[in-house]
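Q: Encoded as structure tokens, here's the structure I'll be asking about.
The values are calculated or read from the model by the stated rules, or taken from the named source; none is laboratory data. The structure presented is a predicted model; accordingly, all values stated were derived computationally and were not measured. Neighbour counts run over all protein chains shown; Cβ positions are idealised from the backbone, glycine included. For the accessible areas, the whole protein counts, side chains as well, though only heavy atoms, and no ligand, DNA or RNA atoms are used. Shrake-Rupley method; radii C 1.70, N 1.55, O 1.52, S 1.80 Å.
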Amino acid sequence: MTTNENTTDSARQTTDTATKEYVHEHAPRLAWAKHAPEVYKAMIRLDAEARKGVDPVTLELVKIRASQLNHCAFCLDMHSKDALAAGESVERIIQLGAWEESQHFYTPREIAAIELTEAITVLTDGFVPDETYEKAAKLYDEKELTQLIAAITVINAWNRFGVSTRMVPGHYTAGDFK
């Protein structure tokens, strides 16, 4: 290949990338917070109470993992951006989807919280397994564990609002709802 051909190929690749078309963004089904403002306000208060005493890094990991499991793109977008803005590494956020294979990125307490998140979020067996609960109970005192369970429950509720009303990801700026 000559230099001219290389230049032409590079220009073509640049042009192709610049003209890449993405799928059209969907519209939300419903502005639920507008139509049920008291429910929304209650969720905000519940969220604020549930996060008390939970390590902020662990809280974001839990919110990201629950949102991955629930396929809530809006919450996944929000909490990934908030985690990055708070100094969380891209690597730990990316590896969260495969945390069982990459446990060396997380502390034992974070792993217990992530496991508990999965057990509470995916209740296909109808209960949280004793071994998962006991692992968390060994690493968190009763107050911390109660708050962690509350935080996991709240993000699952947020996810259900987000998924059912098709909230649109991509427009959130870190810290908007803190």
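Q: Starting from the 7 Å offset along Cα-to-Cβ, what nm value, one decimal, do you get for the label separation of residue 171 and residue 71?
A: In this crude label model, residue 171 to residue 71 measures out at 2.3 nm.
Q: Compute the separation of the alpha-carbon centres of the range 59-79 and the range 110-142 and state it in Å as a whole number.
A: With the range 59-79 and the range 110-142 each reduced to a Cα centre, they are spaced 17 Å.
Q: Specify whether the C-alpha gyration tensor of the range 73-152 places it in the rounded, prolate or oblate class, a ≥ b ≥ c being the square roots of the eigenvalues: rounded for a/c under 1.5, otherwise prolate if a/b is larger than b/c and oblate if not.
A: Numbers: a/c = 1.62, a/b = 1.54, b/c = 1.05.
Since a/c reaches 1.5 and a/b is larger than b/c, the shape of the range 73-152 is classed as prolate.
Q: Just to confirm, what accessible area per residue do you get for the range 28-113 at 1.4 Å probe, in whole Å²?
A: Details: 4600 Å² over 86 residues.
Computed with neighbouring chains in place, this is 54 Å² per residue.
Q: Let me ask something else. In the neighborhood of residue 130, defined by Cβ-to-Cβ distances under 13 Å, what is the net charge if each Lys or Arg adds +1 and each Asp or Glu adds -1? Let's see the in-between values first.
A: Working: positive: 135, 138; negative: 115, 125, 131, 134.
Net local charge, residue 130 excluded: -2.
Q: Using a 1.4 angstrom probe on heavy atoms only, work out the carbon and sulfur share of the accessible area of the range 74-118 in %.
A: Carbon and sulfur: 57 percent of the exposed surface of the range 74-118.
Q: Given R₀ = 35 Å, what would the calculated FRET efficiency be for residue 35 paired with residue 153, taking r from the Cβ atoms and rounding to 0.05? Show your work: numbers first, answer last.
A: On the way: r = 23 Å, r/R0 = 0.66.
The calculated FRET efficiency here is 0.90.
Q: Between 151, 46, 127, whose Cα lies farthest towards the positive end of the dipole of the chain when Lys and Arg beta carbons carry +1 and Asp and Glu beta carbons carry -1, centred on the Cα centre?
A: 46
Q: Here is a follow-up. Simple spin-label model, 7 Å along Cα-to-Cβ: residue 122 to residue 45 in nm?
A: According to this spin-label approximation, the distance is 3.5 nm.
Q: Let me ask something additional. On a 0 to 90 degree scale, rounded to 10, what angle separates helix 56-70 from the longest Cα axis of the chain?
A: It is inclined by approximately 70 degrees.
Q: Sort the range 126-171 into rounded, prolate or oblate with this rule: let a ≥ b ≥ c be the square roots of the eigenvalues of the Cα gyration tensor; rounded if a/c is under 1.5, and if a/c is not under 1.5, prolate when a/b is larger than b/c, oblate otherwise.
A: Details: a/c = 3.47, a/b = 2.31, b/c = 1.50.
Because a/c hits 1.5 or more and a/b exceeds b/c, the range 126-171 counts as prolate.
Q: Could you work out how far apart the two model spin labels at residue 23 and residue 160 are, taking each label as a point 7 Å from the Cα in the direction of the beta carbon, and quote it in nm?
A: Calculated label separation equals 2.6 nm.
Q: Give the range of the longest stretch in the chain that excludes all chymotrypsin sites (Phe, Trp or Tyr not before Pro) found in loop regions by DSSP and having at most 11 other beta-carbon atoms within 10 Å. List each step's numbers first, then the result.
A: Values: sites that count: 22, 127, 177.
So the longest stretch without any such site is 23-126.
Q: Here's another thing I want to ask about it. Using a simple charge model, +1 on the beta-carbon of Lys and Arg, -1 on the beta-carbon of Asp and Glu, nothing else, what dipole does the chain show about its Cα centre, in debye to the nearest 20? It would help to have the intermediate numbers written out before the result.
A: Details: 19 positive and 27 negative charges, 159 e Å.
In total the dipole reaches around 760 debye.
Q: Past the 23 angstrom mark, what percentage of all C-alpha to C-alpha distances in the chain do you count?
A: On the way: 7663 of 15753 pairs.
Value for the chain (Cα pairs over 23 Å): 49 percent.
Q: Ok, one more. Relative to the present Cα-Cα distance, how much length would full extension add between residue 100 and residue 86 at 0.36 nm per residue of separation? The partial results should precede the final answer.
A: Details: separation 14, 0.36 × 14 = 5.04 nm, distance 2.38 nm.
Full-extension gain reported as 2.7 nm.
Q: Taking 8 Å as the Cα distance limit and 6 or more residues as the minimum spacing, I'd like the relative contact order of the chain as a percentage. Please report the intermediate quantities before stating the final value.
A: Numbers: 165 pairs, mean separation 64.2, N = 178.
After rounding, I find 36 percent.
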